[in-house]
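Heads up: the structure comes next, in structure tokens.
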Amino acid sequence: MARSFVLGILLTLIAFRPGTRQSVPSTLNLMPVPRVLSLGEGRLRLDSSFTVALTGYHDARLGRAVVRVMDRLSRRTALTFSPSPVPDSSAHLVIAAAAAGQAIQTETEDESYTLDVEPARAALTAPTVVGALRGLETLLQLVASDSAGFYLPAVHVEDAPRFPWRGLLVDAGRHFEPVEVIERTLDGMAEVKLNVLHWHLSDDQGFRVESLRYPLLQGKGSDGLFYTQAQIRAVVAYARDRGIRVVPEFDMPGHATSWFVGYPRYASGTGPYAIVRTWGVFDPTFDPTRESVYLFIDRFIGEMAALFPDPYWHIGGDEVNGVEWDANPRIRAFRRLHHLADNAALQVYFNQRLSRILTQHGKRMVGWDEILNPDLPATAVVQSWRGVEYLPATVRSGHRAILSAPYYLDHMDSAEDHYYFDPLPDTLGLSPEEAARVLGGEACMWGEHVGPETIDSRIWPRLAAVAEKLWSPASVRDVHDMYRRLAATSLRLGEVGLRHQEHSARLLHLEVGNGPDFQTMMALLAVSQPVTFGQRNRMEEGMTQQTPLTRLVDAARPDPPARWASLTLIERLLADSGRTPAIADTLRAMFTAWRGLPAAVHAAAVRAPLAGDGVPVADALGRVAAVGFAALDRVQGRTPATVAWQDSARATLDSATGPHGLLRLVVVDPVRWLVEVAPIRQ
């Protein structure tokens, strides 16, 4: 969802307008922002005597959560705390949950809580254990320090989510993600109050779950990379401990090649089939006309339903090209016999049969946009991936909806891009009844270009910005404050084992070593981001599932802080009207550093072949630096700006927008802003 420059500048100016700033106290780094937050007087000091009491309902899940919280608090403060709750109600933190909540968590679970911190003690109350879990994460986010040590500021918080469905899709089909990756992802999700892991477990490139009934699914369709049933149960339990549901996705009738490697008789074509190693939309599809297919699916779902207790089951249902259906005379005859006008109607027939199977196993169908049809069972939930504009058709047809279109993390957009989109924009014109059918949203981390080494950097910290859109009130939309809090959140996420902060350095050490070239390439990645999903697919010829994800593009991060920092610096320059020379001096130092990078990157490429990927983007950065110097001179009145100069500067920046190889510069728009505001002498 690339933004035009004009839209980008408008959004920036809107974000910079003082009237749009939120009333969140600047001393707090909470993310997502609570529904009600007010500062009190004083502080609750933290020392080794700090203890926790459970005075309401409590169970093993809440007890384990308290132990985790105390462990994180201990590591953050280097203090030794009692590792478990104490019975004494005079403890410094008293937790009172009214009830356990739902035995199997659903979208109707009450996640609300109230937190009061006073100088003497803190009190956390919640209707359910899940609500208490959410409040404990807020408590950890409140921890601050001064010269006297660590403390909790006095606050009153009343909080509950805006949407009941707040998820992340992790695609383990294209590239397998080990259990430890899934678990640390769940820990990060819990910190920002997400509550659904949508686990994409089968695709053309791999079938990732052990089936005892149909062992050839993983035996031939996974390259040996799959989750055992014991691992699935462990992940589901791990997620429940953190108040997170696990919704599996087994894609059908398309994106199904890996099913047919072991069981070709259920496909619409003749086979044989092999695991697909590239990306795209492929022909292999389930045969909707065979009763044996539905018996197979019924038995498979029956086996898997015991592993995934969540009442929702995702069928995929997207991108069915119909090639095998059209090529099969028996399927064409079936379509005519049953008066099915086209392949879309045939897929509706398949989905109706599938919905009945799911219902028999206590599951509700979820699928992508393409499943929406007047004959779709009323209980089905439609997940919108093609655009926000698809939501109205879904909810007006009576179906509930989940929005993902603006939150595709694999597209390599900035946190600002994702934050700009509200899950329920006023422009949709939905009635209150229709809007209530929007359950929430999910960010999507599709797996074509990510693996265990890179996935943390592709999800975090941007996912925290999406989490806030799904939890906090719609009025929370200040991009400035979001980035301020996102920086603090990013550091906290490392506390639970996420490795996004050190990602670039870790890969660059492998690519260029530890000498001066390392510092050069780190400086280049500070102003670069990967190309978009579509650009990489087009530009990296020969990329397959086996291609190592260890190039410079893989070391780059989607939203390096330099982009927003540069915009903020220029904002300060313009608002200051030249009264503080240090701001302009900082900009000149920044442009000077950019100007020196091309020569250094060229030299690094001679010594380290993988650094060569940075040469084109470094050369573009040098051109941007030259425009930056010229624009700053004109903004400061040192040199007159003319229309001819401005047109030339725009053309240079247009050429620098990229992509340059597999990288894009993130600092073109900040410099373009300087060009646009330079006063023109007629």
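The values are calculated or read from the model by the stated rules, or taken from the named source; none is laboratory data. Quantities reported herein were computed from a predicted structural model and do not represent experimental measurements. Here Cβ is always computed from backbone atoms with ideal geometry, including for glycine, and neighbour counts include all displayed protein chains. Accessible surface areas use protein heavy atoms only, side chains included; no ligands, DNA or RNA. Shrake-Rupley method; radii C 1.70, N 1.55, O 1.52, S 1.80 Å.
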Rounded to the nearest Å, the spacing of the alpha-carbon centers of segment 606-638 and segment 449-528 is 23
Cα-based reach from Lys469 at 17 Å (exclusive), listing lysines while leaving out same-chain residues under 8 positions away: Lys193
Per the 1.4 Å probe, what fraction of the accessible area of the chain, in percent, lies on carbon and sulfur atoms? 56
Test of understanding: what is the full-extension gain from Asn373 to Thr547, defined as 0.36 nm times their sequence separation minus their Cα-Cα distance? 58.8 nm
Efficiency by 1/(1 + (r/R0)^6): what FRET value for Asp146 and Leu212, r their Cβ-Cβ distance, R0 = 56 Å, to the nearest 0.05? 0.45
Probe 1.4 Å, all protein chains in place: accessible area of Trp446 in Å², nearest 10? 30
Computed ³J(HN,Hα) along segment 168-181: with the Karplus parameters 6.51/-1.76/1.60, θ = phi - 60°, integer Hz and x for glycine or proline, the list is 9, 8, 10, 8, 9, x, 5, 10, 5, 10, x, 4, 5, 5
Measure out, as a whole number of angstrom, how far apart the alpha-carbon centroids of segment 294-335 and segment 94-109 sit. 34
Once you keep just the Cα pairs under 8 angstrom separated by 6 or more residues, what percentage relative contact order results for segment 487-601? 29
Taking 0.36 nm per intervening residue step and subtracting the Cα-Cα distance, what contour gain separates Leu79 from Val606 on full extension? 184.8 nm
Heavy-atom accessible area of Trp385 with all protein chains present, probe 1.4 Å, nearest 10 Å²? 70
What is the antiparallel percent of DSSP beta bridges lying wholly in the chain, to the nearest 5? 40
Could you work out Rg/(2.2 N^0.38 Å) for segment 104-200, with Rg from alpha carbons only? 1.31
Order His58, His500, most accessible first, counting only protein heavy atoms with a 1.4 angstrom probe. His58, His500
Measuring from centroid to centroid over Cα atoms, what is the spacing of segment 538-581 and segment 372-433 in Å? 28
Spin-label pair His509/Glu540, simplified geometry with 7 Å Cα→Cβ offset, distance in nm: 2.3
Residue-wise, which Karplus ³J(HN,Hα) couplings in Hz belong to segment 303-319, taking 6.51 cos²θ - 1.76 cosθ + 1.60, θ = phi - 60°, and x for glycine or proline? 5, 6, 4, 6, 8, 10, x, 4, x, 9, 9, 8, 9, x, x, 9, 6
Nonlocal amide H pairs with Val247, under 5 Å, H built at 1.01 Å: Leu197, His198, Trp199
Add -39500 (n - 2.57) for each DSSP H run of 4 or more in the chain, then divide by its residues: what number comes out at 222 nm, to the nearest 500 deg cm²/dmol? -13000 deg cm²/dmol
At R0 = 30 Å, how high is the FRET efficiency between Glu118 and Thr359 if r is their beta carbon distance? Nearest 0.05 is fine. 0.05
Once you put a point 7 Å from the Cα of Thr228 and another 7 Å from the Cα of Glu158, both along the Cβ direction, what distance in nm separates them? 5.0
If each of Asp326 and Ala565 carries a label point 7 Å out from its Cα toward its Cβ, how far apart are those two points in nm? 5.3
Where only protein heavy atoms count, and the probe is 1.4 Å, what is the accessible area per residue for the chain in Å²? 37
In sequence order, calculated HN-Hα J values of segment 28-38 (Karplus, 6.51, -1.76, 1.60; Hz; x Gly/Pro): 9, 10, 6, 7, x, 5, x, 5, 10, 9, 9
Förster-model FRET efficiency, 60 Å R0, Ser90 and Ser577, C-beta, rounded to 0.05: 0.60
In nm, what is the difference between 0.36 nm times the number of residues separating Arg681 and Asp654 and their Cα-Cα distance? 7.4 nm
